[in-house]
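Participant: Mind looking over this structure? Questions follow.
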Amino acid sequence: MYRSWRYSLKRLFSLGILCTFSWSALGQEASASDMVGELIRGFVAQNTALTVVVADSSLISLGIMDFDPNEFADFGDLNVGNEESFALRKSLRTYSLPWSFEPQRLSANWHTSYGVRISYVGSNQDIIYSEPDYINTFDEESVIVYGEKNWLYRFSKAWQLTFSMSAQYLYYRNHFDYQDPALLALRGFFDGQLLNTSYQLWLVDPAVSAVYRGKLLGRRFDYKIQYRHALGHTINTDSRYQRTEVETGRLSNTLTFHFDTPEVYGRNTQVRALMRRIDLTGDAIEPMGTSHYYQFGLGWLLDIRSQDSWLDSIGIGVSVNAGSNLSGGSVVLLFNEEL
């Protein structure tokens, strides 16, 4: 089967068959139930942690068109994608609409601001379990509503420190179309716990970041280090096995170079080059297949800000993810990126 970008479904299917046999033949219902509960809780936790990472466009970029970076350059030992990661990227759909408000001045050095984001993450996979003639379709959808408040302190013109407190509400559902007879016989076991189910979560996601803005060879650059730590718990679950906690930390180091380009209809434009490393902890490590990965980006931005517009900038670019289960390249649309 294709490896699930979320979790190893084949392992769960096999365990379900084993547990059913144990219950009926060996009378080991309690121990088998504990094993099932542990794996389903793992599915929910890792599923959610990966969704949080994917929905954050500053950590993962999935765009309007995917491509193989190896066709354009030799990256040596750097893993920028393979057949499996390209298939996983193509199975994903993600949309995110961020909206930030104008900062408010609290004192000479302190400012505060608010931001909201609505995100959608979906995937469509074909799962082959025991017989290649039977293809089971597995569809997943997550909707995230995100809100944050930021406190910014300016040490100088070059340095600033930001503290953020945010909350996220996540709704998840999936649909599994049984075709394989081995799985169809266990439909009553899986449904409502692992497949054809839904659940909701609340998460808090505090963050701290520092930014340095300077110039190199006459060109502006930004260096940003940020740490975020999401903690959450499921609510409104279909099964007691889905009741679990979620935790994942993300440390990102980002270097961005800005190159001013000619105006378009009196609007400022800019080419932006970006290099980023992301380190992960907690539940996101296993589904991402790594504790750290890299992201490289190049984009063109147009300043469209106005008093009655909720968009500050739009643009288009390319992004390359390296070193994770989602390695590969994408053409991306850019919204509200800082010029």
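Participant: Using only the alpha-carbon atoms of the stretch 53-165, report the extent along each of the three principal axes, biggest first, to the nearest angstrom.
Facilitator: Each principal axis gives a Cα extent; for the stretch 53-165 these are 68, 36, 22 Å.
Participant: OK, next. Please state, as a whole number in µm²/s, the translational diffusion coefficient that the Stokes-Einstein equation yields for the stretch 217-315 at 37 °C and 0.692 mPa s, with Rh defined as the Kirkwood radius across alpha carbon pairs. Please list the in-between numbers first.
Facilitator: Working: Rh = 16.9 Å.
Reported coefficient: 194 µm²/s.
Participant: Next question. What percent do you get for the relative contact order of the chain when only Cα pairs under 8 Å and 6+ apart count?
Facilitator: Working: 810 pairs, mean separation 58.2, N = 339.
17 percent.
Participant: How big is D, in µm² s⁻¹, for the stretch 133-249 by Stokes-Einstein at 20 °C and 1.002 mPa s if Rh is the Kirkwood radius over C-alpha pairs?
Facilitator: Translational diffusion coefficient: 120 µm²/s.
Participant: Using only the Cα atoms of the stretch 9-335, what are the Rg and Dmax in Å?
Facilitator: 22.4, 77
Participant: Now for a different question. Under 27 Å between C-alpha atoms is the cut-off here; go through the chain and count lysine pairs that meet it, provided they're at least eight residues apart or on different chains. Working shown, then result.
Facilitator: Values: Lys10/Lys90; Lys149/Lys157; Lys149/Lys224; Lys157/Lys215; Lys157/Lys224; Lys215/Lys224.
Qualifying lysine pairs in the chain: 6.
Participant: Using the Cα centre of the chain as the reference point, and only Cβ charges (+1 on K/R, -1 on D/E), how large is the resulting charge dipole? Debye, rounded to the nearest 20. Mind showing how you got there, number by number?
Facilitator: Details: 29 positive and 37 negative charges, 288 e Å.
Rounded to the nearest 20 debye, it is 1380 debye.
Participant: Based on C-alpha coordinates, I'd like the Rg and Dmax of the stretch 277-336, in Å.
Facilitator: Considering the stretch 277-336 through its Cα atoms, Rg and Dmax are 15.3, 44 Å.
Rule-based calculations on the coordinates, nothing more; no lab input. A quick note: this is a predicted structure, and the numbers were derived from the prediction, not measured. Note: ideal-geometry Cβ built from the backbone for every residue, glycine included; neighbour counts use all protein chains shown.
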